[in-house]
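One structure is given below, encoded as structure tokens.
The values are calculated or read from the model by the stated rules, or taken from the named source; none is laboratory data. Remember, predicted model here, so these are calculated numbers, not experimental data. We place every Cβ from the backbone using ideal geometry, glycine too, and count neighbours over all the protein chains shown.
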Amino acid sequence: MAIIRNAAPSAARKDIAVDRLTNQDVVKSKSVHLLEGLLGNDDRMLAPRAKPEAPNKFQKIITQEVNKRSWLGSIRLRHAMIMVSFVAFVAIPAALASLYMMFIASDQYHSSASFSVRSIEATGSSDILGMFTQASTGNTGSDSYILMDFIGSERMLADAEKKFDLDKIYAARGLDYFYGMAAGLPVEDKLSYWRNMIDVNYDHASGIMQLQVKAFDPQQAQDIAKFILEESDALVNNLSASARDGVLKSAQDEMHLAESRLAKARAAVREYRDVSQEVDPVEGAKLAAQLIGGLEAQLVQMNADLATAKSQMGEDTPRIRVLKARIASVEEQLSSERQRLGSGNAGAQSESGASGDVAGRIQKFEALETEREFAERAYTASLGSLEKARIDAGNKQRYLAVFLEPSLSQMAQYPARFLNSFLVALGLLFAWAVFVMGYYNIRDRT
């Protein structure tokens with residue numbers, strides 16, 4: 001196989017040298033050489049393909065030097081870009097943040113207090129530590145969480161603004177607009193700033209809550225902490241009163257019903273006694289029975305005397321007539337007394353009750369007396385239930401026990417300048433490293 005090659009050796013060698021220096025292939029395709037031979041000048045001739053000459057040592061050195069310079073240039077450019085980005089996005093912002101923390105950020109003083117929500121439930125603990133940790137503890141966990149939410153609530157913020165000028169207390173000092181509160185903020189932003197300036201921690205194991213209030217003046221921080229404790233104590237007292245009233249309400253309602261029922265029963269008994277003019281119809285019936293028994297004994301004795309007199313005297317004698325008159329009088333009195341006890345007819349029993357006989361009065365009195373006795377027992381039971389409910393309500397009473405009063409700070413501990421500066425620098429470094437690693441990852445994949 002042959003190709004048409006340029007006969008000018010000097011031009012060919014020059015082209016090959018240039019092509020080798022630029023690391024390019026000088027051999028063209030077969031069809032291109034044939035077309036150049038057929039359409040070119042007559043000075044072209046057919047010749048066998050010459051194998052490419054092996055590059056000498058000088059050409060290799062030139063090629064390596066060119067490649068090395070291009071690689072070093074690309075590396076230096078990338079490193080320069082990385083360093084510029086590090087300075088722009090890490091070093092300068094970290095330095096500015098450090099300068100702000102050191103020279104511009106205002107000192108903040110804190111006031112701390114420790115307290116707990118306790119109940120009056122007593123346990124069997126006898127040691128002194130148990131008096132503070134167990135003897136008065138109850139199910140106050142929910143009350144403690146309620147108190148935490150209340151301290152950071154909008155209601156507490158509104159109450160604090162009524163007593164303190166929070167816009168003046170937390171106004172920006174100098175150029176410190178980051179830690180200061182701007183004037184005219186909406187209530188949502190004020191609430192967020194308020195929650196940043198107060199910190200409440202709750203230890204579920206011991207039930208102790210720790211309050212920390214920050215301000216630009218130590219006395220103002222202490223005053224705000226005392227105010228928070230006062231409002232918290234009022235809230236706990238209201239919760240305790242609500243729980244106590246809830247426990248006592250049902251028992252008091254039952255007691256009032258029983259008392260009203262007893263009063264009505266006693267009034268009915270009194271009205272009956274006023275109408276019947278007797279204290280107890282049962283006792284009256286006993287007296288009537290004794291009277292009837294005496295009259296019956298007298299009647300028997302007089303009948304015996306009359307029989308004896310008839311055996312010795314005539315019917316028209318004065319003694320016989322006197323005995324008969326006495327017997328008739330006793331029988332009439334006995335019949336009247338028996339009518340007072342009852343009519344002797346079951347169908348007329350209710351009518352006798354209405355007419356005032358002893359049986360009717362006893363029946364009515366016994367009904368009234370039964371109602372009165374039941375009302376008294378119900379009232380006694382309701383009083384016992386009320387007393388028990390009062391004891392339970394006393395055990396459910398809550399109070400705020402303050403272990404450590406709000407402190408007055410003498411040295412500013414906030415903001416944590418070195419820590420904040422370090423955290424800012426660390427965050428910027430981390431964000432910058434993620435950005436660079438992402439860039440190289442995308443670059444390698446493309």
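For Ile292, state whether it is within 19 Å of the chain's Cα centre (by Cα), among the β-branched types (Val, Ile, Thr) and either at pLDDT below 80 or surrounded by 19 or more Cβ atoms within 10 Å (Cβ to Cβ) (or both). No; evaluated as a whole, the condition is false for this residue. Residues in the stretch 395-442 that are part of a helix (DSSP H, G or I), surrounded by fewer than 15 Cβ atoms within 10 Å (Cβ to Cβ) and among the small types (Gly, Ala, Ser): Gly427, Ala431, Ala433, Gly438.
Every condition in (1) within 22 Å of Pro415 (Cβ to Cβ); (2) without any contact (Cβ under 8 Å) to a residue 24 or more places away in the chain; (3) assigned to a helix (DSSP H, G or I) holds for Asn201 except the one numbered (3).
Condition test on Val269, is it in contact (Cβ under 8 Å) with a residue 12 or more places away in the chain, touching a strand residue (DSSP E or B) at 6+ places or on another chain (Cβ under 6 Å) and of a type in the set (A, V, I, L, M, F, W, C)? No: the conditions fail for Val269. Applying the criterion of at least 2 residues that are at pLDDT 85 or above to the helices (runs of 4 or more DSSP H) found wholly in the stretch 92-182 leaves 92-99, 141-151, 154-163, 166-169.
For the stretch 239-251, a residue qualifies if it is closer than 20 Å to Ala378 by Cα and buried (at least 16 other Cβ atoms within 10 Å of the Cβ), and the qualifying residues are Val247, Leu248, Ala251.
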